[in-house]
Each structure stands twice: as C-alpha cells, then as structure tokens.
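First the structure, in the form of structure tokens, and then the observations on it.
The values are calculated or read from the model by the stated rules, or taken from the named source; none is laboratory data. Fair warning: this is a prediction, and the values are worked out from it, not measured in the lab. Using ideal geometry, Cβ is built from the backbone for each residue, glycine included, and neighbour counts are taken over all protein chains shown. Ligands, DNA and RNA are excluded from the accessible area calculation, which covers all protein heavy atoms including side chains. Shrake-Rupley method; radii C 1.70, N 1.55, O 1.52, S 1.80 Å.
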Amino acid sequence: MSRGIASLDLHRPGAKRETANGVPLQNTYWVKKKLLQELVELEKRLKLLRSDVLPADYSMIQTYREMIHSRTMFFLELNR
C-alpha cells in the first residue's frame, strides 16, 4: 500500500465499536432499529415515486436511492 492510500485511514475508528470521532458505541440496538424503520419508510416512498401514480421526478428518485444506500452501508458497518 502506498503512503497516499495509507493516509486515508487516519480518521477511521480504531475499533469496530467506535464512531469516526472515536466515541464508543456500547449498545447499537436502538440505532439499528431506527435505521431499519427509516429504510422501510424510504423504500415505500421510493416505490411510490416510481409508480405511475405520480409524475416522474428523477432527481427525487436519485435522492431516495442515495439515502437508502447510505443508511444500508451504515447498518452493515454496525453489524461487523
């Protein structure tokens, strides 16, 4: 690994149970529960946006896709 790429890891948490700022996460149950609730709600809204009921708003569809992706990645990170 080159020095440039290695320096990208400077601000990553040292342990899996820390935030990027180093704050320890003792119990992630409630965070995961909230993330799952948000994911379900965002998926419902995305499905409605993609339906024929509403006119297509492609920027809003992309926004929902990005919100779903970011929450999914965060959820997966908490499960490691």
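In table form, for the structure just shown:
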| quantity | calculated |
| --- | --- |
| Using a Förster distance of 35 Å, the FRET efficiency for Gln37-Ser59 (Cβ separation, nearest 0.05) | 0.90 |
| Per residue Cα convex hull volume in Å³ - calculated over the stretch 34-79 | 52 Å³ |
| Glu77 accessible area, assembled protein chains, probe 1.4 Å, Å² | 70 Å² |
